[in-house]
Amino acid sequence: MQSTALLAALTGAGLSLSACVSPGGVAQIVRDPAAQPAPVRIADGELIGAASKRGKAWLGVPYAAPPVGPLRWRAPQPVAAWSAPRPSVRTGHDCVQNLSPRSLEGKPGGWFVHGSEDCLVLNVYAPSNAVAGQGWPIMVWLHGGGFVAGTSANYDPSLLAQKQGVIVVTLNYRLGALGFLAHPALSAEDPQAGSGDYALLDQQAALRWVAANISAFGGDPKRVTLFGQSAGGFSVCHQMTSPAAAGLFTAAIIESGACTSPDLNVPLTQAEAAGKRTAGDLGCTDAATTLACLRALPAGRVMRAVSHRAGALGVNGWGAVVGGPVLPLSMPQAFASGRFAHMPVLMGTAHDEGRLFAVMQKAAGRLWSDPSYRGVIRQAYGEEGDVILADYPARSDGGPATAYADVITDQAFACPTTTLAGWLAPQVPTYLYAFDDPAPPYAFPNPPGFPSLGAYHASEIVYILQRPWIVADPARFSPAQRALSDQMQAAWGAFARTGDPNAPGSSIWPRATAASPVVLSFSPDAIHTETGLGEHHCALWTRLGD
């Protein structure tokens, strides 16, 4: 199915939501006038974070050496220890990312390259009464952004940590070409790491840092929940299927992760061939000096290149590579055959995932008419476009934009999640959710002719964190939304503590089974169970994918 162009477009369209430059780089705890220094000694040296009644935070902690110079496109290396106490009250650099419109359209060049290669840092948030050796459960957050953008500094999980009695770790990982370039010379240079999955190796290095150090902050390294949204959700799936991540976490939360999409499974040989073309675009064509040439280039120039990959879900095709040592199997192969890390899984989607992407398409001058909508679908899906248009005609309540949103919601989110749940439920404890608030906070007005954004892509994040997040502020919650947020956050916290999102003695959220894919629907009106993720055209997408 020729869906690559549409999937790349939708991921790029969401970057203005998922990858905004962090505002200020400090957490709520650090801004508290009553904050006091919070010293902690770890293996590499002493950290001086901040502590107040709101909680504790240690920010910008390096978990690997800066991947610069000869370490560019290598597996993350150990940090050099420090002797003097290290101030840890700022989040550090964002990883290099290209947010230029040309980049989002899969073209070379662009004017907005932001960040630094010296970015492999993490942030630790703990309850105010956490001390070493207490054994609090851990939640490790992987940010979204289409694998080409985003930063841990966009997220302040201090309230999640304080209210739910967990320690939350957020982290940066390499992005775009710096995180995912595959090339035969890179694969030959380090056969144990291969090439193309440096971002996933970064995530694993951060998880190993957690295993080695988190007890100093009061955490239990044997109770680690890995959770993420969008590309962060994809990453959770990748880590579940990576042999190198075995034993590094014990539970998984996948928010809006289209983990079974074929566009997420780029074979190594294909990625290496594309990498050779990318190197050629960058002027590095001599086989004897290719790597030295690539490593000598300014990071901004590297990030302006395109990937030349076909079938990768991500802007310019950047994303994980399968068939190498990090990901030996594609995710469908691994999950369907049971060759993944077995653990409790909480997963789900937002009811109107695609509406955000439709808004971005309209902002780019598309989807304002039926012919435009039909053109977008036919360009993306080729000969199958007319079949899709027959199932998704332009709707009277939102016109072509709403129809386009339905296509994205079903193909890229709801149906892959349904498929994954069908594989997981017979093998591991699986809990499904649907986020269905029809009017969650959103900082911008809806475009003309669009009835509502509904439960748009990433709209559940502010309900879990209860802190402002780029386009959503919990200060705008209604009383019913505040109550919904409390219930959702409590469920995520309970899952981190026990592997079950239900409070002790409660059974409101049943486990999904192969025979009964029960879903808990989170709405301000009522939290209730449903069978499946709602009205989606999954039979169509299954047929087109065969």
Notebook entry, point to check: Points 7 angstrom from Cα along the Cβ direction at Gln192 and Ala539: gap in nanometres?
Noted result: 5.2 nm
Margin query: Checking the cross-link filter: which lysines have an alpha carbon closer than 27 Å to that of Lys163, excluding same-chain neighbours under 8 positions apart?
Written below: Lys53, Lys56, Lys222
Checklist line | Accessible solvent surface per residue of region 189-304, calculated while the other protein chains remain in place, 1.4 angstrom probe, Å² | finding: 31 Å²
Notebook entry, point to check: On full extension of the chain, what length is gained from Ala439 through Ile508, given 0.36 nm per residue of separation minus the C-alpha to C-alpha distance?
Noted result: 22.5 nm
Checklist line | Cα-based shape type of region 291-382, given that a ≥ b ≥ c are square roots of the gyration tensor eigenvalues and the cut on a/c is 1.5 | finding: oblate
Next item on the list: Please work out the FRET efficiency for the pair Ser516 and Ser478, using the Cβ-Cβ distance as r and a Förster radius of 30 Å; give the result to the nearest 0.05.
Entry: 0.40
Check: How much net charge surrounds Lys276 when only the other residues with a Cβ under 15 Å from the Cβ of Lys276 are counted, with Lys and Arg +1 and Asp and Glu -1?
Finding: -2
Check: Averaged per residue, what accessible area in Å² does region 388-493 show with a 1.4 Å probe, protein chains only?
Finding: 30 Å²
Notebook entry, point to check: Rounded to a whole number, what % of the accessible area of region 406-546 do carbon and sulfur atoms account for, probe 1.4 Å?
Noted result: 56 percent
Item checked: FRET efficiency, 1/(1 + (r/R0)^6) with R0 35 Å, evaluated for Trp82 and Lys222 via beta carbons -> 0.80
Margin query: Can you tell me, using C-alpha contacts under 8 Å and at least 6 residues apart, the relative contact order of region 322-404 as a whole percent?
Written below: 23 percent
Notebook entry, point to check: Going by accessible area, probe 1.4 Å, with all protein chains left in place, what is the ranking of Glu272, Glu255, largest first?
Noted result: Glu272, Glu255
Check: What are the lysines whose alpha-carbon lies under 27 Å from the alpha-carbon of Lys362, with same-chain residues fewer than 8 places away excluded?
Finding: Lys107
Next item on the list: Starting from the Cα of Arg395, step 7 Å toward the Cβ, then list every residue of region 402-436 with an amide N under 18 Å from that point.
Entry: 402-416, 434-436
Check: Hey, any idea what % of region 326-373's accessible area is carbon plus sulfur with a 1.4 Å probe?
Finding: 55 percent
Next item on the list: Can you tell me how much longer the chain between Gln36 and Ala212 gets when fully stretched, taken as 0.36 nm per residue apart minus their C-alpha distance, in nm with one decimal?
Entry: 60.8 nm
Notebook entry, point to check: What percent does the relative contact order of region 177-224 come to when contacts are Cα pairs within less than 8 Å and at least six residues apart?
Noted result: 26 percent
Next item on the list: Please figure out what share of the DSSP beta bridges in the chain is antiparallel and state it in percent, rounded to the nearest 5.
Entry: 45 percent
Item checked: Dipole of the chain, positive end: most advanced residue of Ala57, Ile527, Pro328 [Cβ charges, Cα centre] -> Ala57
Next item on the list: Enumerate the amide H contacts of His537 below 5 Å, restricted to partners 5 or more residues apart or on another chain; note that Pro and chain-start residues carry no placed amide H.
Entry: none
Checklist line | Listed peptides 275-284, 165-174 by packing density, highest first (mean Cβ within 10 Å) | finding: 165-174, 275-284
Notebook entry, point to check: What shape does region 194-235 take by its C-alpha gyration tensor, where a ≥ b ≥ c are the square roots of the eigenvalues and a/c under 1.5 counts as rounded, a/b above b/c as prolate, and the rest as oblate?
Noted result: oblate
Checklist line | Structure-derived mean projected area of the Cα convex hull in nm² - corresponding label in [x] 24.7; [y] 31.9; [z] 23.3 | finding: [z]
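The values are calculated or read from the model by the stated rules, or taken from the named source; none is laboratory data. In this text, all values refer to a predicted model and were calculated from it rather than measured experimentally. A quick note on method: Cβ atoms are made from the backbone with ideal geometry, for glycine too, and the neighbour counts reach across all protein chains shown. To get the accessible areas, we keep the full protein, side chains included, count just its heavy atoms, and leave off ligands, DNA and RNA. Shrake-Rupley method; radii C 1.70, N 1.55, O 1.52, S 1.80 Å.
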